[in-house]
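Visitor: I have a structure here, written as structure tokens, and I will follow up with some questions on it.
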Amino acid sequence: MTNDTRALRVAVIGSGPAAFYAAASLLASEDPVVEVDMIERLPTPWGLVRLGVAPDHPQLKSVSRAFEKIAVRPGFRFFGNVDVGRDVTHEELTSAYDAVIYAVGSQTDRKLGIPGEDLPGSWAATELVAWYNGHPDFQHLEFDLSHERAVVIGNGNVALDVARMLALTEAELAPTDTTHRAIDAIVSSGIREIVVLGRRGPVQAAWTSTELGELGELAGADVVVDPAELELDAASEAELEAASNVVQRNVEILREFATHHPSGKPRVVRLRFRASPVAILGDVHVEGVEIVHNSLEPDDRGSVRAFATDEREVIPCGIVFRSVGYRGVGIPGVPFDEGAGRIPNDEGRVLDEDGSPIPGLYCAGWIKRGPTGVIGTNKKDATETVENLLDDVRSGRLPERHGRGIEELLVERGADVVAYAGWEAIDVAERTQGDGQGRPRVKLCSWDELLAAARSG
């Protein structure tokens, strides 16, 4: 392959952090020279950086500037508004490219598996996040925020994002890129208490200290923690002693919260531990959550497991947000592990049902390893995949491509492809609207608006 003067052609499916980091590693290669086509279902790139990061965390969105630099490198092309399975098949991709990397993330939520989970008023946290971030597939949703109490199930950063967003004031929301509709709904909501449930204890909570500390800075909400729920069992004490600075700082912040008395702010965020939902209650709509109180017992990994006790409790509420993790979705023609919710792979090489690598097929990001880590975690992950891909190239393990180029197929099928210039036109339109309102951007939230703006570019 190294004696072949033609460039290696690689398709990267998805446009979130893992996809862009993979593209960067590929484009940096000199032997072989690589060309990258990034294929994205939406008209817009960046994945969860655009549509998953909380709008009041603009510093996390700044990584997009690095992605913009990658997109202007020679050999990079963006194919937005192209859906694998609708506009082009997996088989056509593997014929058109020397290699294909799937970096499509984890697109849905994990289920609780409890009665009442599908009642009206029971939502996946991912749905609310996509809604207030302007994802065009979620703008039809109607969240009834008129109830006095909301319950958020989960102890990760997404759960805290949801709790915090529901507690923000108009002044706090105004300078963000939260959609107008979401700002109006949150500001006018009847929610006065947001209860966040964790099945284990404070030591095992998966949030970061920054996320947790921000709760104490809310202008319109007090944070309440029961000191009794911060008492640690022996195993948690031992885990805390050996824990990272982040975990130790988390416990310090929680203990500080527990000393505070409500100051009379209009809303309360209540953090609870060792509580698992066993049923979401209601006849035709959510009316409450039944929880079981847990005891914690040591496991074989140096942490603890939660075991249900006989003590149960009902928390009346009118809306529930389930935030117990993301889950990948299978792609037609691509191996998929339903149990794990990801593509089976060995360091990024996709495996067939016999556990053997499929030549020319790779994955990166959450669809590869599961929904773990922060944005930066995807850089090492994607680099590993690309290094193995390039090793396969040099070892002659890739199949010969024999299909037509994807652009020819898409033209024949009348696909309304959004090139990178189209995304730049969307970006300019959103930023221009934001400039007049003191906001980073005002997002275009519908498919029609997005595609119209793209065509103007």
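Visitor: Do any GluC sites (Glu not before Pro) in segment 353-457 lie in a DSSP loop with no more than 12 other beta carbon atoms within 10 Å, and if so, which?
Guide: Within segment 353-457, the qualifying GluC sites (Glu not before Pro) (loop, at most 12 other Cβ atoms within 10 Å) are 353, 400.
Visitor: Another question, then. To the nearest Å, what is the center-to-center distance of segment 1-66 and segment 112-128, using C-alpha atoms only?
Guide: Going from one Cα centre to the other spans 33 Å.
Visitor: Okay, next question. Set the Förster distance to 35 Å, then compute FRET efficiency between residue 314 and residue 181 from the Cβ-Cβ distance, nearest 0.05.
Guide: Working: r = 32 Å, r/R0 = 0.92.
Efficiency, rounded to the nearest 0.05: 0.60.
Visitor: Next question, about the same structure. Name the residues of segment 366-385 whose amide N is less than 12 Å from a point 7 angstrom out from the Cα of residue 210 along the C-beta direction?
Guide: Of the residues in segment 366-385, 374-376 have backbone N under 12 Å from the label point off residue 210.
Visitor: Let me ask something else. If the cut-off is a Cα-Cα distance under 14 Å, which aspartates and glutamates reach residue 379, setting aside same-chain residues fewer than 8 apart in sequence?
Guide: Hits, sequence-local ones excluded: 347, 387.
Visitor: Shifting gears a bit: With a cap of 13 neighbouring Cβ atoms within 10 Å, and only residues DSSP puts in a loop, list the trypsin sites (Lys or Arg not before Pro) found in segment 316-404.
Guide: Here the sparse-neighbourhood loop sites are 404.
Visitor: Just how far, in whole angstrom, is segment 210-279 from segment 132-192 if you go by their alpha carbon centroids?
Guide: 21 Å
Visitor: Take residue 33 and residue 174, extend 7 Å from each Cα along the Cα→Cβ direction, and tell me the distance between the two endpoints in nm.
Guide: Those two pseudo-labels are separated by 5.4 nm.
Visitor: With the crude spin-label approximation of a point 7 Å out along Cα→Cβ, what separation in nm comes out for residue 356 versus residue 265?
Guide: Taking the two extended label points, one gets 6.0 nm.
Visitor: Work out, step by step, the length gained on full extension between residue 59 and residue 402: first 0.36 nm times the residue separation, then minus their alpha carbon distance; give nm to one decimal. Could you put the intermediate results ahead of the total?
Guide: Values: separation 343, 0.36 × 343 = 123.48 nm, distance 4.40 nm.
Working it through step by step, the gained length comes to 119.1 nm.
Visitor: Taking only protein heavy atoms into account and a 1.4 Å probe, give the accessible area per residue of segment 5-61 in Å². List each step's numbers first, then the result.
Guide: Details: 1610 Å² over 57 residues.
Here the residues of segment 5-61 average 28 Å² of exposed surface.
Visitor: Over the chain, calculate the relative contact order: mean separation of alpha carbon pairs under 8 Å at least 6 apart, over the residue count, as a percent.
Guide: Values: 950 pairs, mean separation 100.9, N = 457.
Normalised by residue count, the contact order of the chain is 22 percent.
Visitor: Leaving out ligands, DNA and RNA, what percent of the accessible area of the chain is carbon and sulfur, probe 1.4 Å?
Guide: Ligands and nucleic acids excluded, carbon and sulfur reach 50 percent.
Visitor: Looking at segment 299-373, which chymotrypsin sites (Phe, Trp or Tyr not before Pro) are DSSP coil and have at most 12 other C-beta atoms within 10 Å of their C-beta?
Guide: none
Visitor: Hey, with R₀ at 41 Å, roughly what FRET efficiency would residue 92 and residue 252 work out to, going by the Cβ-Cβ distance, to 0.05?
Guide: In this case the efficiency is close to 0.15.
Visitor: Using only alpha carbons, build the gyration tensor for segment 192-305 and give me the equivalent ellipsoid semi-axes, biggest first, whole Å.
Guide: Taking √(5λ) for each eigenvalue gives 25, 21, 11 Å, largest first.
Visitor: So who's got an amide H within less than 5 Å of the one on residue 223, skipping anything under 5 residues away but keeping other chains? H placed 1.01 Å off N, in plane.
Guide: Distant-sequence amide H within range of residue 223: 269.
Visitor: If I fit a long axis through the Cα atoms of helix 420-435 and take the longest principal axis of the Cα atoms of the chain, what angle between them do I get, 0 to 90°, rounded to 10?
Guide: On a 0 to 90 degree scale, this one is about 30.
Visitor: Turning to a different aspect of this structure: Per residue, what accessible area does segment 186-308 have, given a 1.4 Å probe and all protein chains present, in Å²?
Guide: Per residue, segment 186-308 has 47 Å² of solvent-accessible surface.
Visitor: As a test question: what accessible area, to the nearest 10 Å², does residue 413 have when a 1.4 Å probe is rolled over all protein chains in place?
Guide: About 120 Å², rounded to the nearest 10.
Visitor: Related question: Mind checking the angle between helix 157-167 and the chain's longest principal axis? C-alpha axes, 0 to 90 degrees, to the nearest 10.
Guide: 60 degrees
The values are calculated or read from the model by the stated rules, or taken from the named source; none is laboratory data. Just so it is clear, the model here is predicted, and its values are computed rather than measured. Using ideal geometry, Cβ is built from the backbone for each residue, glycine included, and neighbour counts are taken over all protein chains shown. Heavy atoms of the whole protein, side chains included, go into the accessibility calculation; ligands, DNA and RNA do not. Shrake-Rupley method; radii C 1.70, N 1.55, O 1.52, S 1.80 Å.
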